[in-house]
Amino acid sequence: MRPASGRPASGQPASGQPAPAPRVVIVMGVSGSGKSTVGAGLARLLGVPFLEGDALHSAANRAKMASGHPLDDADRRPWLEAVTEWIRATASGGSGGVAACSALKRAYRDRFRGTGADVWFLYLALDHDVAARRLARRTGHFMPPALLDSQYATLDPLHPDEPGVTLDVNAAESPAQVLADAVRAVRAAPGGTAPDR
């Protein structure tokens, strides 16, 4: 686990100061890294809302990817707007939340942070060959294995100045192990709030 955060530890808020904003955790990574499984499990354990980012893609985007064509920034723009609005609404609702979202580019992540919400990233790092083997076994998903190369070409891993943690999931024995590591990482992160449930 490699920390990637430019945010200092804040501890408890000083008397008279507002409490930290509820945190929105973005579980990010390439297709096959386990974002959906980890994100849904993390949200359940923390008792907060969960968003499957893929659910916000338009039918046209899904069809384009299913046909083996990667999305460009114009295709992604309405999707990014929808994810950004969910982050803003979830944070303002007072509970915080968890979203599974590829968030491959730094520019996308900066957009999410630009909402003013306390956004924190959990990057599930996976080697190309491992991801390819996982996608070859997966069925019923609109994202074909042929687009994996385009995801790695786009991927801009979490930077040291971005709030979050990188989890290397290549050697994980099971999704349950990754989820346990994710819960520990989120609860150990400085600042923000994560319900201890």
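The values are calculated or read from the model by the stated rules, or taken from the named source; none is laboratory data. Quantities reported herein were computed from a predicted structural model and do not represent experimental measurements. Quick reminder, even Gly has a Cβ in these numbers, built from the backbone with ideal geometry, and neighbours come from all protein chains shown. SASA here: full protein model, heavy atoms, side chains in, ligands and nucleic acids out. Shrake-Rupley method; radii C 1.70, N 1.55, O 1.52, S 1.80 Å.
Miscellaneous remarks
- Sole exception among (1) open to solvent by 10 Å² or more (accessible area, probe 1.4 Å); (2) out of contact with any Lys or Arg (no Cβ under 7 Å at 6 or more places or on another chain) for A131, by number: (1)
- Among the numbered conditions (1) modelled with pLDDT of 90 or more; (2) out of contact with any Lys or Arg (no Cβ under 6 Å at 6 or more places or on another chain); (3) surrounded by 12 or more Cβ atoms within 10 Å (Cβ to Cβ); (4) not aromatic (F, W, Y), the only one that A100 does not meet is (2).
- The set of residues from the range 50-80 being open to solvent by 60 Å² or more (accessible area, probe 1.4 Å) and under 28 Å from G94 (Cα atoms) comprises F50, A55, L56, R77, P78.
- Tally, over the range 64-79, of residues that are in a helix (DSSP H, G or I) and in contact (Cβ under 8 Å) with a residue 40 or more places away in the chain: 2
- Taken over the range 159-180, the criterion of being open to solvent by 20 Å² or more (accessible area, probe 1.4 Å), within 22 Å of V48 (Cβ to Cβ) and in contact with a helix residue (DSSP H, G or I) (Cβ under 9 Å, 6 or more places away or on another chain) is satisfied by P175, A176, L179.
- Taking the criterion of being more than 14 Å from I26 (Cβ to Cβ) and among the acidic types (D, E), the residues of the range 52-84 that qualify are D72, D73, D75, E81.
- Verdict on T90 being at pLDDT below 95 and polar (S, T, N, Q): yes
- For A55, the test of being of a type in the set (G, A, S) and part of a helix (DSSP H, G or I) is passed.
- Flag not set for V130, criterion: closer than 11 Å to I26 by Cβ and of a type in the set (V, I, T).
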